[in-house]
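The structure appears right after this line, and notes come after that.
Here, each number is a calculation from the coordinates, and none is a lab measurement. Every value quoted in this text rests on a predicted model; they were computed, and no experiment measured them. No Cβ is skipped: glycine too gets one built from the backbone with ideal geometry, and neighbour counts run over all protein chains shown.
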Amino acid sequence: MWKSLVVLIFLTNIISGCGMADLSNTIKGSYYMKTGEYRQAEADFEETVNKHPDSESAQYYLGRSLLAQNKAAEALSHFERAVVLDPGDVDYHFWLGVTYGELGDVKAEEMSYERALQLNGHHLQARLYLGHVRLRNGNLRQAIEAYDAVLIEQLTNSAALYNRALILDIEKKYSAAKAAWLKYLHWYPAGRFALQATDHLNALGDFSYEKQFLGDRAVTLAEIKFQQSGSVSPSSYPSLRLVGAIVSNLPKGTLQVVVYVHNNKQLAKQRAIEIANTLHTFFPTIGPDRIRISWFDTSEKITQDNKTYIKNESVRIFLTDWK
């Protein structure tokens, strides 16, 4: 089907000239970028550029294929040529900026993103990368303005949310930083950056999310909450589902569920039982012997960055005998 499409484009190009040649390059280039066939793209577009050096689309996709192979120095001249041939194409300016960034020319990188945004103020990637380069340069206020603009266009952009929270933390605007970290973790509670965000949040004395260790794996879990009836709150189901999935995929190991409630041992016991029952409901294959519960009528003490925090109600979850 792809070969037939190329033949059709080739035949149409004979009839229609350069316009169809650019369309052919765009279709082929998009295909190569999507499939990751960068070496083939390089060979294909290098041949096209040699034959048609004034084809801006061929120059652009040759640059893209080289950049994707970490050949920024080779890609630079092709992006520069594409911009000269068609200075009104916003993507040409954006990728030229990315290439400058790879080569360490931060001033030229920033200028390229700014030119892209002059052409299209809603170009999300250019706005986001402008925030990145400003953050690297230490221009924190300008960086956060760029990230705010991104979030107007895309409320859940992960990089903008994370870096915005980081800037507020650096600026010691702790109340705003705490809210920003919570917002990031609401949308992105898993992965390496979630663990880092959790460290930042905990350092501010907020333990709405915590790093828990299940075997040799560190995961971010939202605070386990309970309804007035005593049952586990549905808001805590995602965290418990993650715990259950990890345990059920391990050949051995005992899940330890420890509940603290200051001056109320009965409530602590009830909550521990509710957590175990919820896990068994979600994952009936986890045998009762693989979940052990404990409860205490004391507060939990947590040390974070040489500071000690007291939590009157908390849940600690970890694995033993998993090796």
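Assorted remarks:
- Averaging the Cα positions of each part gives two centres, and for the range 145-169 and the range 250-300 these lie 38 Å apart.
- Environment charge of Ile170, counting only residues whose C-beta is closer than 12 Å and scoring Lys/Arg +1, Asp/Glu -1: +2
- Taking a straight line from the alpha carbon of Lys323, these lysines sit under 18 Å away, with near neighbours fewer than eight places off in the same chain left out: Lys252.
- Cα gyration tensor shape for the range 103-214, rounded if a/c is under 1.5, else prolate or oblate: prolate
- Chain lengthening between Leu204 and Glu171 when straightened (0.36 nm per residue, less Cα-Cα): 10.6 nm
- Annotation for Gln125 and Val106: the two label points, set 7 Å from Cα along the Cα-Cβ direction, are 2.3 nm apart.
- Note on Lys269: aspartates and glutamates with a C-alpha under 16 Å away, same-chain residues under 8 apart excluded, are Asp297, Glu300, Glu313.
- For Glu145 and Asn277, a Förster radius of 56 Å and the Cβ-Cβ distance give a FRET efficiency of 0.70, rounded to the nearest 0.05.
- Unit charges at the beta carbon, dipole of the chain: most positive-side option, Phe296, Ile246, Ile167: Phe296
- DSSP beta bridges in the chain [antiparallel fraction, %, rounded to 5]: 75
- Sum of side-chain charges, Tyr209 neighbourhood, beta-carbon under 11 Å (Lys, Arg +1; Asp, Glu -1): -3
- Global form of the range 90-131, assessed from the alpha-carbon gyration tensor, a/c cut-off 1.5: prolate
- Computed from phi, the 3J(HN,Hα) profile of the range 275-284 under the Karplus parametrisation 6.51, -1.76, 1.60 (θ = phi - 60°) reads 5, 4, 5, 5, 5, 5, 5, 6, 9, x Hz, with x in place of Gly and Pro.
- Under 11 Å, Cβ to Cβ, from Arg81 - net charge with Lys/Arg +1 and Asp/Glu -1: -4
- The range 208-320 shape via C-alpha gyration tensor axes, a/c threshold 1.5: oblate
- Size of electric dipole in the chain: Cβ of Lys, Arg +1 and of Asp, Glu -1, about Cα centre, debye, nearest 20: 1620
- Additional length obtainable on full extension of the chain from Tyr188 to Glu114, 0.36 nm per residue less Cα span: 23.7 nm
- Residue among Ile310, Ile273, Thr99 farthest towards the positive dipole end of the chain, charges placed on Cβ: Ile273
- Reported label for calculated mean projected area of the Cα convex hull in nm² given (i) 15.5; (ii) 22.4; (iii) 17.2: (ii)
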